[in-house]
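Below is one structure; the comments refer to it alone.
The values are calculated or read from the model by the stated rules, or taken from the named source; none is laboratory data. Values in this document were obtained by computation on a predicted structure and should not be read as measured data. When we count neighbours, we look across all protein chains shown, and the Cβ atoms used for this are built from the backbone with ideal geometry, even at glycine. Accessible surface areas use protein heavy atoms only, side chains included; no ligands, DNA or RNA. Shrake-Rupley method; radii C 1.70, N 1.55, O 1.52, S 1.80 Å.
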Amino acid sequence: MKRNMIYYALFAVLATMVVSCHKDPPITDTPTEGGYSDTTEMWPVKKISRIVHCVGTLDYLTYDFVWDGDLLKEISCTMYDGTSLGRTILEYEGGRLASVYPCDGAGRVYTDGTMHYHYGEDGRLKRQTFMLPMRATGNLCPQTYDEIVPCELVYSYSDNGCVSTVHANKTKDDGSVETSSYLFEWNGGNVTSITCDGQSLINNMQYDNNPNPMHFPMGMETMCITNMIFEGVLGNSVLFLGYASCWCENNMTTLVSGNGQCSYTYDAEGFPTSKTITIGGENTVYQFTYKPDRKCK
């Protein structure tokens, strides 16, 4: 049976969406490189309330963030004409991210696209499991699907606590498992290169020295990966995460596509207030607004 669902394709977002996220899953109360807490996750101290994607003079897409104390609870996306493109909802257990699932513009929840988080005794993210919606032809689908395929991401870490390898496993109908292996290289708290099965996906990425407001303790589904097996699991409301270079402490100043330029403006604390991407003489601007009740730590 075909069912409607909203998805995004990470590789399609790569050409236009650029904001930054975080280094690893949960970090300690006294952060160290790649550190973790076995009880809670730490979201950014300064919390984004809204990102507006501007094309020319048009506020084309607006992303709104809902927080419950220090935890991000929801991201919603609205088009310039007020049309809802849906929501992404985050759920927690004991302060730790447990599941993320998409809703469409009408409020329908799609459990087939839910991402589940699994942690080890050391507090590190060990696995993410989800069902990948697919067409009967075996291709990923943007709107309808006929079947769902069990998938998982399995994490390994280097001695300094940074993610070193992620194995992406997809279980086929015959029980066989198709695996892709992603290798990560770091410079301090920023990812500088990613390879998949020996093929370079990104390399020599550059960053500023300012704090990244999208340093979210999520997983690889928000990395700038061009050929992930789970394209679109999180829904349209997190489109901008597709080119976020997540896990990074600072803001990415180079484009994965390599065919344009990007620049920032910052507030007095060094957090981005806007990011401008220039490709072929055309500008795309992302404007950042933060919650006024930031708690200083």
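Rundown of residues vs (1) surrounded by 21 or more Cβ atoms within 10 Å (Cβ to Cβ); (2) free of Cβ contacts under 8 Å to residues at least 60 places away in the same chain; (3) not in a strand (DSSP E or B), yes/no style:
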residue: L72; (1), (2), (3): yes, no, no
residue: I75; (1), (2), (3): yes, no, no
residue: G86; (1), (2), (3): yes, no, no
residue: L97; (1), (2), (3): yes, no, no
residue: P102; (1), (2), (3): yes, no, no
residue: G107; (1), (2), (3): no, yes, yes
residue: H116; (1), (2), (3): no, yes, no
residue: R127; (1), (2), (3): no, yes, no
**Message:** With the structure loaded, tell me whether N203 is open to solvent by less than 20 Å² (accessible area, probe 1.4 Å), touching a strand residue (DSSP E or B) at 6+ places or on another chain (Cβ under 8 Å) and modelled with pLDDT of 75 or more or whether it fails that test.
**Reply:** no
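Report, by residue number, each residue of the stretch 47-70 that is in a strand (DSSP E or B) and buried (at least 16 other Cβ atoms within 10 Å of the Cβ).
Taking the stretch 47-70 and keeping what is in a strand (DSSP E or B), we get 48-55, 58-68.
Within the stretch 47-70, I48, I51, V52, H53, C54, L61, T62, Y63, D64, F65 qualify.
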**Asked** Condition test on T16, is it touching a His at 6+ places or on another chain (Cβ under 9 Å), at pLDDT below 55 and open to solvent by 30 Å² or more (accessible area, probe 1.4 Å)?
**Response** yes
**Fill in**
In the stretch 262-282, anything out of contact with any Pro (no Cβ under 9 Å at 6 or more places or on another chain) and either closer than 20 Å to P211 by Cα or hydroxyl-bearing (S, T, Y) (or both) is listed as C262, S263, D267, A268, T273, S274, K275, T276, I277, T278
